[in-house]
Structure formats: C-alpha cells, structure tokens
1. For the range 102-119: of the residues being surrounded by 19 or more Cβ atoms within 10 Å (Cβ to Cβ) and without any contact (Cβ under 8 Å) to a residue 60 or more places away in the chain, which is nearest to residue 145 (Cα to Cα)?
2. Only one residue in 2, 18 is farther than 20 Å from residue 150 by Cβ, more than 16 Å from the chain's Cα centre (by Cα) and surrounded by fewer than 17 Cβ atoms within 10 Å (Cβ to Cβ). Which one?
3. Tell me yes or no: at least one residue of the range 149-160 is in contact with a helix residue (DSSP H, G or I) (Cβ under 9 Å, 6 or more places away or on another chain), touching a residue at least 60 places away in the same chain (Cβ under 8 Å) and under 19 Å from residue 100 (Cβ atoms).
4. Say whether the condition of being surrounded by 23 or more Cβ atoms within 10 Å (Cβ to Cβ), in contact (Cβ under 8 Å) with a residue 40 or more places away in the chain and in a strand (DSSP E or B) is met by at least one residue in the range 46-57.
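Laboratory data are not the source of any read-out in this text; all were calculated from the coordinates shown. All values derive from a computational prediction rather than experimental measurement. Here the Cβ positions follow ideal geometry from the backbone for every residue, glycine too, while neighbour counts run over all protein chains shown.
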C-alpha cells in the first residue's frame, strides 16, 4: 500500500499520508512499512513505541535527546487533534532555529517524521488527544534535553496562548542556551532526503 511523502520547510521533516482502505466495517491502513519509508530516505531502525493521553490546552515539549542517544520519531494521533511542532537544532544548517507546525488528527491520519537533531513538541487542540510515536533510540533520561516552548527567538505560533505545561517544560532554556551539540549533516540524523 503506497504512502505519500511530503517535505516541509525543513526538508528532513516529512509529512507522511498513508493509504486508507475504508469499508463497511471501518478502515485499514498501514502506519509504517520499512521498505517504503527507506525508499523515501527514512531508514532508521525504530526500537520503542510510546503513547500519551492529554486534554485540551496541554503542551508537551519541546524535547530531544542528545548524542549518543539521538532519537528520530514517527508521530501520529489516534484520538483527537494536536498541533505538532518541530524545531531544527542543527547548527550551521540552512534551517537552524526554524520551525514547522503540522496539524495531526485521528481523521486525517497524517504521520510526522521528526529527524534527529530536532526538538519536538505538540499542543492539544481537541477535548482529548492520544498520540503514538515510534523512536529510533530508547528513552534515556541522562540524554534528554529541551528548548523553551515560547522562546521569543523561535516565535512559534502555537494555537493556544496559555497552555498547561509540566514544571520541566516551563523551565527549559531558550535555544541560545540549550544543551545542544548537533551539527548539520543530513545523513547523520537518519534521513537521506
């Protein structure tokens, strides 16, 4: 079953649309197929699957893992709607400090590929949302880091002005002060686009 792959303003961040097969019973779709993803430059080996549940107005992020536990992610929503944001942290790259935002819903079934070297976060715009994501590295608390969700230099246009945040997410540093050793090298972060 073919997928469509669309690059964003950060070319290594890709929106993936699966082919949906509806019938009287409901629908069927593939969320991941290694051969097709690899043919489109997404060749990472996904080793962990996570699911979160959040209510309207909750913002999670902006998170990433540092070397040597850098994570690439595949993210989709199985219930509700989120506004998903990716920030490029790869110094010396053409899109360093830039961000892209994509609406992921249970209805549109879009999947977002987040390459390594980027921070990721989302806010919930429906009453409730459940988000699933695959990662290419297991969670490592010793390597986790983040960037402040409302860093004025990033100027992310979140759809919620005053989100609910964890204490950790309220206290991440700005991009200028973030613990970040990423350098621009497309192939080094799991995407050959």
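1. Applying the filter and picking the extreme gives 119.
2. 2
3. Among the residues of the range 149-160, at least one is in contact with a helix residue (DSSP H, G or I) (Cβ under 9 Å, 6 or more places away or on another chain), touching a residue at least 60 places away in the same chain (Cβ under 8 Å) and under 19 Å from residue 100 (Cβ atoms), which makes the answer yes.
4. Among the residues of the range 46-57, not one is surrounded by 23 or more Cβ atoms within 10 Å (Cβ to Cβ), in contact (Cβ under 8 Å) with a residue 40 or more places away in the chain and in a strand (DSSP E or B), which makes the answer no.
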